[in-house]
1. Which number in (1) modelled with pLDDT of 95 or more; (2) in a loop (DSSP other than H, G, I, E, B); (3) within 25 Å of the chain's Cα centre (by Cα) marks the one condition that G539 misses?
2. Suppose the filter is basic (K, R), touching a residue at least 12 places away in the same chain (Cβ under 8 Å) and in contact with a Pro (Cβ under 8 Å, 6 or more places away or on another chain); does R427 pass it?
3. Go through the stretch 365-415 and count every residue that is in a helix (DSSP H, G or I) and free of Cβ contacts under 8 Å to residues at least 24 places away in the same chain.
4. Which of the residues spanning the stretch 150-187 are surrounded by fewer than 20 Cβ atoms within 10 Å (Cβ to Cβ) and assigned to a strand (DSSP E or B)?
5. Kindly indicate whether T223 is under 25 Å from G281 (Cα atoms), in contact (Cβ under 8 Å) with a residue 24 or more places away in the chain, in contact with an Asp or Glu (Cβ under 7 Å, 6 or more places away or on another chain) and part of a loop (DSSP other than H, G, I, E, B).
6. Go through (1) of a type in the set (S, T, N, Q); (2) under 30 Å from V148 (Cβ atoms); (3) assigned to a loop (DSSP other than H, G, I, E, B) for T208 and report which single condition fails.
7. Hey, can you tell me all the residues within the stretch 414-450 that are touching a Lys or Arg at 6+ places or on another chain (Cβ under 9 Å), closer than 19 Å to Q384 by Cβ and surrounded by fewer than 17 Cβ atoms within 10 Å (Cβ to Cβ)?
8. If I ask for residues that are assigned to a strand (DSSP E or B), over 18 Å from D396 (Cα atoms) and more than 11 Å from the ligand (Cβ to nearest atom), which ones from the stretch 1-28 would you list?
Amino acid sequence: MKELRYSVDFCVVGGGLAGMAAALGAARRGASVALVQDRPVLGGNASSEVRMHVCGAHGPNRRETGIVEELFLDNFRYNTRPTYTGWDAVLYGKVQYQKGVTLLLNASVCDAAMDGPRIRSVRAWQTTTQRWITVESKLFADCSGDAVLAPLSGADFRMGREGRAEHGESIAPLVPDTRTMGMSCLFQAREYPEPQPFVPLPWANLYTDASQLPHRWMDVFRTNFWWIELGGMVDSIADTETCREELLRISYGVWNYLKNHAPDRDRYANLALDWVGFLPGKRESRRYYGDHILTQHDVEAGGRFPDTVAYGGWSMDDHFPEGFYSQRHEGTIYHPAPSPYGIPYRSLYSRNVENLFCAGRDISATHSALSSTRVMATCALMGQAVGTAAAIAARDGLSPRGVYERRLAELQQTLMDDDCWLPGFRRGIPSVCSAALLRAGAGDPAPLRNGMDRPDDASDNAWAAPVGTPVEYVFPAPAALTEARLVFDSDLDRTDPSRADGQKKLLNMRYYVGLADAPFAPPATLVRDFRLETLDAAGEWTVAARVTDNHQRLARVALSAHCRGLRLVVERTWGCAEPRVFAFDCR
Ligand SMILES: Cc1cc2nc3c(=O)[nH]c(=O)nc-3n(C[C@H](O)[C@H](O)[C@H](O)COP(=O)(O)OP(=O)(O)OC[C@H]3O[C@@H](n4cnc5c(N)ncnc54)[C@H](O)[C@@H]3O)c2cc1C
């Protein structure tokens with residue numbers, strides 16, 4: 001068989017949201033990257049193959065920004081009648097056409113070659129080409145969910161739940177065990193104008209009475225069927241195919257129950273089964289041991305780590321390992337967690353394999369902490385942190401731990417510059433801005449250079465003024481500018497107008513397709529067209545750049561100017577009359 005070889009700075013294994021963010025984050029900061037993904041599409045559990053909507057931190061103004069928000073905003077722009085194929089295309093385009101990334105799809109990593117405590121290369125089998133692919137790299141990130149590189153490299157890892165005494169976690173079981181949260185085969189319904197019969201499949205399970213499905217929330221209009229879950233009592237890697245077979249029998253059986261037997265089946269008369277996932281979406285398997293193990297206590301204490309590089313804010317949503325067969329209420333317990341809590345960098349790399357990062361559900365966390373960190377927007381933040389750290393490490397010849405020891409402040413500032421919020425930290429302002437006079441035609445522009453790019457509990461942290469109002473820096477001496485960096489308002493608390501069903505947050509995708517669904521569009525609060533003007537020695541303002549059809553929160557505009565001032569004028573928004581701007585930097 002022919003063998004392909006690549007040599008890069010940073011090799012990412014697994015193209016879920018964590019792996020994508022790692023690859024994009026590293027490439028944009030200068031590293032050469034290979035992303036090896038065993039499926040034809042990107043997004044992992046968020047992709048069309050599993051169809052789990054992306055969740056993150058609870059609460060007002062807690063939505064994750066950075067790369068994950070960029071993906072959402074692209075989806076609103078390009079996937080207006082939201083379909084999963086449209087979402088797949090958004091994710092694919094981002095990575096396939098990112099300069100510096102080699103995307104290797106349909107390639108499953110199944111081997112690693114070591115140089116002592118370092119991974120030299122990984123080997124993948126590409127099903128579409130019947131070829132082996134070897135990727136040599138300085139640094140690796142395991143974003144495979146199942147932590148495939150742990151057994152292949154000899155990295156320390158764990159599977160199962162810690163006993164209560166181990167870290168003193170009150171929600172942990174008394175004694176350690178090998179149980180995990182399970183996996184699910186989700187389904188999706190589509191609404192039609194007229195009734196849709198469903199003929200049960202002979203091989204599916206038959207449920208004719210509610211007593212066969214106790215304690216389960218079964219409202220197609222309010223939730224998906226995440227509780228059709230198995231694998232927590234067995235090996236959530238080795239037993240996946242056995243679980244898949246049973247999950248499909250259950251899923252088709254539950255759908256038949258809803259259509260033909262449920263007391264409220266009339267509500268579902270016009271719904272048809274649109275899709276069933278044949279690839280189980282997983283919640284938990286191997287977890288790395290890093291320099292820090294994130295615990296329930298860390299989460300509850302708000303994770304105030306000096307090395308915070310990401311944050312969580314989902315409750316500790318600890319599913320019962322019995323899954324579908326659990327007789328207990330709902331299938332999970334939502335233990336409260338603060339939002340946000342910080343996630344430390346030291347949980348994002350292996351403690352004994354020197355060039356190995358991890359991001360996603362396989363990070364160094366206890367089962368209890370994982371029950372919160374595993375949601376995908378949180379995973380994406382961790383991925384971006386790892387990718388950014390990898391770019392710094394590759395540039396300076398450092399290990400992941402070396403970045404902790406020697407470049408932590410740079411890592412944190414770079415993440416904030418790339419629009420990641422690090423709770424408890426403030427972004428540095430370029431000296432050319434802080435030394436300048438800042439004034440606006442209306443409103444108070446001071447928040448534009450306060451280093452906070454979203455509202456917090458104390459302040460809006462924004463400059464707000466009607467469209468057309470100028471805001472400008474006047475420098476004490478002429479300055480050479482190469483870039484303006486702006487942060488607009490993407491409405492972090494946006495809701496879904498077409499669902500008055502309790503699902504308040506607008507998600508990246510909906511869990512069923514309804515006839516009354518509103519199309520997706522960029523948030524009305526976002527700036528669409530704007531111009532930048534520079535001030536010359538004669539005191540004249542001239543247009544240096546004009547941007548039209550912006551649909552992103554973070555906008556970087558290249559400048560080539562030697563000037564005495566820089567002015568921003570918003571010309572149009574996606575709907576609102578008085579846009580908010582969180583940051584206006586130049587350098
Ligand atoms: C039914 C269900 C409901 C959930 N509910 C929510 C929810 O509401 N919101 C939310 O945000 N999260 C939810 N989660 C959790 C979330 O989906 C996972 O924790 C998250 O997907 C983990 O992200 P990841 O990037 O680590 O892994 P994944 O999303 O699993 O991505 C890993 C990728 O790596 C690939 N891969 C694996 N092995 C290899 C290999 N050897 N070589 C190459 N590629 C490989 C996989 O195919 C996959 O695409 C749910 C999970 C499930 C199963």
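The values are calculated or read from the model by the stated rules, or taken from the named source; none is laboratory data. All figures in this text were calculated on a predicted structure; none of them were measured in a lab. All Cβ positions, glycine included, derive from the backbone under ideal geometry; neighbour counts span all protein chains shown.
1. Answer for G539: the failing condition is (3).
2. no
3. Within the stretch 365-415, residues that are in a helix (DSSP H, G or I) and free of Cβ contacts under 8 Å to residues at least 24 places away in the same chain number 7.
4. Passing the criteria: R158, M159, D177.
5. Spelling it out, it is not the case that T223 is under 25 Å from G281 (Cα atoms), in contact (Cβ under 8 Å) with a residue 24 or more places away in the chain, in contact with an Asp or Glu (Cβ under 7 Å, 6 or more places away or on another chain) and part of a loop (DSSP other than H, G, I, E, B).
6. All conditions pass for T208, except number (2).
7. G424
8. Answer for the stretch 1-28, where residues must be assigned to a strand (DSSP E or B), over 18 Å from D396 (Cα atoms) and more than 11 Å from the ligand (Cβ to nearest atom): E3, L4, R5, Y6.
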